[in-house]
Structures are given as C-alpha cells and as structure tokens.
Amino acid sequence: MALTRRLLRSDLLRDLKRNIAEGVWQGTLPSERQLTDFYQVSRGTLRHALKSLQEQQVIKSVPGSGYILLKKVRKPSTRRKNVSIGLLIGRADETRANRDRAWIPELQQRLSKRDWNLHIHEGIPEVERSPKTGIAKLFNATSHDCWLLHTCNQAIQSEFQDAKAPSIICGSPFEGITLPSIDMDFRALGRHAAGAIIAKGHNQIGFISGKEPFPGDAKLLEGFREGISLSSHNVNFKVTRYSNSRHSYARFFNRITTGRDSTTALFVDCPYQLLNLHNQAAKAGIGIPGDLSIVCRQGTDFLNYISPDPSRYEFNTMEMARKVHQEIESAVRGDSIRDHRVLVLPEFHEGNTLKSIDANL
C-alpha cells in the first residue's frame, strides 16, 4: 500500500505542476476540497503534494487566501499536429519477441487522436552491431520529435543520451543512464511473488531466469530476494539460468522424481519458458501444481489456453500506454524530465498453478 501511495503522490505532484505551468489556474489554486474532488485523492495525499510545491517555491500558503501562485506561468500553447514519434525496438530475442509490447497498439490509438504519428524501427542490424554509426545514420534518415527506446541495450541507450535528442526509455535504464523511463515495477513484483509463494507453505523455491538479464530482470531477482529475506520462514532459494527458449530441464526434473531435489515451487521470468517447463514436466511425469507449483512473471495470450490456468502477473496495457503518452507530451513540450522514473504496478492473477503444499491450508 505504501508503494502505491508513493506513486500516486508523484503523479499528483507532476500533474499539479503541469497544470500550473500551462495556466489552468491563475493567481491562486482552487481550494483543497475542490482539488481533492478533481483528482479523487485524499486530503493527506494532496497536502503532501502542496507541501512539495511550497518547498519548491511554486506556491505560497496565505491565510484567508489559500495557495498563491509565485511563479509566472506560461500561456497554454496551441496543440501541435503531425508530431512524429520514433519507436526503436532492440534485439528480437525469440524469448522476448512479444513481451511487454501489448501497450504499443494502445499508444498508437492515443497518439492518432492528436494527429501524431508513431513510426516503428525494429531489428536494425547496424544499430545493434555498431550503435554509434547506426544511430547516426538513423538520425540522418529520420526526423522525429521524440524517440521511444524499447529493449535497447546499454550502448544504444548511451548513444541517445549523448545525442541529447528527446528520448524516453520504455523499460529499465542501465546504470549511468539518466533518460526518463517508464517501466513495470519489477522489484515490487519480485517481493510480492516471493511472499505469495512462501504464504502457500513453500520453503524450497527455484527462480528461472535468462543468462543475460536486462536491468528490469535484475530488479525482479533483487525484489524476489528481498521478499524471501522479509519472511520469517527458513527458505532455501536457487537460481537457474536458461540459455534459450528450448532450454532443457531434464536433469532438474530427474532430480525431483528421484527425490534428490526438494524444490516445490518455481518462479519463471518468461511465459515461453513457462510453456517449455509445462511440456518437459509432462514428459517427466511431474504434475503441475500437484508436484510442482509455478508462478510466471507475465501473462501473454497463449497462456489463456494452458491448463491448469497459470498463476501469473498481468500488466495494465492501457495504464502503460497512458504513462508513455504523458511522458511524450512532456518531451514534445520541452519540459525537463531527465532522470524521471515512472513505475507501473502489475496485478497478480492467482490462477491454479500455485498450490499450498499443505492441503489443509
């Protein structure tokens, strides 16, 4: 709950500053009652944002007059049309091909209502092979008002940062990258997943992850470890790295069937690996969730056809698209949003593959 409240306060503060800058209010702010009704937030959340505005000398509290605006606001500019947005999608790893992309069509619809265009640049070999040269050629061949970077490696993120072109990372920035970003809160997801598994009585837990994780994947594992450390139970935890979408878990399942491995629950970071695990478990005679519980980091369409219904996390694609759209608006206006981090919380779909190891629970 604390995390959700912190994100709400951040969004509220940013929206208040935007409305002040665009001249929605002149001279004074509306009353606290009017603002809480307008934003549908508690008075405590509103006052936290108003206190921040006072500390930043944007407003001043005057008894009997409410909150006075101290900074000169600019007049609302007319909305630009025919704005061009470039979306650069990095490597087309087969285990990541469709992951985290469901928000893109929703974003296209939102932009089209503004007469803005989204141009997708995907899998450009030269950009991957030689980021400096490839991105320079890309800039020469295109003219976008803002760039979105999705599943782009550290070298690509660094080149866009050095170029100082308006750019937003749709995902997690690497260390040293100060471009604004919008991503799922994988650290919170990891903490929640560990807690959900332990709550079902599991204390022998495995974590399945790729060999070359992106920053978000690293945060996921970090959060999972935190969730375990917060538990009062004695939990044994093992990480297994897969090398490809058809990674063999034959030895793992053999150890389970022969009683040499006591793992009772797995967290897997990719729906393709979840499908792979299901197939190999069936061949090994391992029942899910009877013998092994599994929770997946993310859902995708094909998981709707797997039985039993996989326990997984679902992302609100409309919320993700809305957040990306907000950042684009700020970048196009020329707002300073450097090092701004926006996190979107996923929802847990409990499904039927996370089972209590105590039938009485």
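Would you check if residue 93 is surrounded by fewer than 18 Cβ atoms within 10 Å (Cβ to Cβ), of a type in the set (Asp, Glu) and modelled with pLDDT of 85 or more?
No: the conditions fail for residue 93.
Is it the case that residue 235 is modelled with pLDDT of 90 or more, touching a Leu at 6+ places or on another chain (Cβ under 9 Å) and farther than 19 Å from residue 173 by Cα?
So residue 235 fails the test.
Condition check ((1) within 18 Å of residue 267 (Cβ to Cβ); (2) without any contact (Cβ under 8 Å) to a residue 12 or more places away in the chain; (3) over 18 Å from the mean Cα position of the chain (by Cα); (4) assigned by TED's automatic domain parsing to the domain that holds residue 330) across all residues:
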{"site": "145", "(1), (2), (3), (4)": "no, no, yes, yes"}
{"site": "158", "(1), (2), (3), (4)": "no, no, yes, yes"}
{"site": "174", "(1), (2), (3), (4)": "no, no, no, yes"}
{"site": "200", "(1), (2), (3), (4)": "yes, no, yes, no"}
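Suppose we filter region 26-40 for residues that are assigned to a loop (DSSP other than H, G, I, E, B) and either outside the structural domain of residue 60 (by TED's automatic domain parsing) or modelled with pLDDT under 80 (or both); how many remain?
So the answer is 2.
Testing residue 156 on (1) surrounded by fewer than 20 Cβ atoms within 10 Å (Cβ to Cβ); (2) within 24 Å of residue 83 (Cα to Cα), one condition comes back false. Which one is that?
Residue 156 satisfies all of (1) surrounded by fewer than 20 Cβ atoms within 10 Å (Cβ to Cβ); (2) within 24 Å of residue 83 (Cα to Cα) except (1).
Hey, does region 158-181 have a residue that's under 23 Å from residue 240 (Cβ atoms) and touching a helix residue (DSSP H, G or I) at 6+ places or on another chain (Cβ under 8 Å)?
Yes, that holds for at least one residue.
Kindly check whether there is at least one residue in region 1-12 that is at pLDDT 80 or above and outside the structural domain of residue 332 (by TED's automatic domain parsing).
Yes.
With the structure loaded, tell me whether residue 254 is among the polar types (S, T, N, Q) and either outside the structural domain of residue 298 (by TED's automatic domain parsing) or closer than 29 Å to residue 348 by Cα (or both) or whether it fails that test.
Judged against the criteria, residue 254 is not a match.
Can you confirm whether residue 207 is in contact with a Phe, Trp or Tyr (Cβ under 6 Å, 6 or more places away or on another chain) and among the hydrophobic types (A, V, I, L, M, F, W, C)?
Here the answer is yes, as residue 207 does meet what is asked.
Could you identify the single residue in 222, 212, 226 that is modelled with pLDDT under 90 and outside the structural domain of residue 334 (by TED's automatic domain parsing)?
That would be 212, the only listed residue that is modelled with pLDDT under 90 and outside the structural domain of residue 334 (by TED's automatic domain parsing).
Restricting to region 173-192, name every residue that is within 20 Å of residue 314 (Cβ to Cβ) and assigned to a loop (DSSP other than H, G, I, E, B).
185
From the residues in region 193-225 that are assigned to a helix (DSSP H, G or I) and of a type in the set (D, E, K, R), which one is nearest to residue 152 (Cα to Cα)?
Step by step, filter region 193-225, then rank; the result is 217.
Any chance region 226-238 includes a residue that's touching a residue at least 60 places away in the same chain (Cβ under 8 Å) and of a type in the set (Phe, Trp, Tyr)?
No, region 226-238 contains no residue that is touching a residue at least 60 places away in the same chain (Cβ under 8 Å) and of a type in the set (Phe, Trp, Tyr).
So, in region 200-259, exactly how many residues are among the aromatic types (Phe, Trp, Tyr) and closer than 22 Å to residue 186 by Cα?
Of the residues in that region, 5 qualify.
Tell me the strands (runs of 3 or more DSSP E) entirely within region 259-361 that contain at least 2 residues that are in contact with a helix residue (DSSP H, G or I) (Cβ under 8 Å, 6 or more places away or on another chain) and surrounded by 17 or more Cβ atoms within 10 Å (Cβ to Cβ).
Because the criterion is at least 2 residues that are in contact with a helix residue (DSSP H, G or I) (Cβ under 8 Å, 6 or more places away or on another chain) and surrounded by 17 or more Cβ atoms within 10 Å (Cβ to Cβ), the strands (runs of 3 or more DSSP E) in region 259-361 that meet it are 265-268, 293-296, 311-314, 341-344.
The values are calculated or read from the model by the stated rules, or taken from the named source; none is laboratory data. From a predicted model like this one, the values you see are computed outputs, not experimental measurements. So basically every Cβ, Gly included, is an ideal-geometry build from the backbone, and we count neighbours across all protein chains shown.
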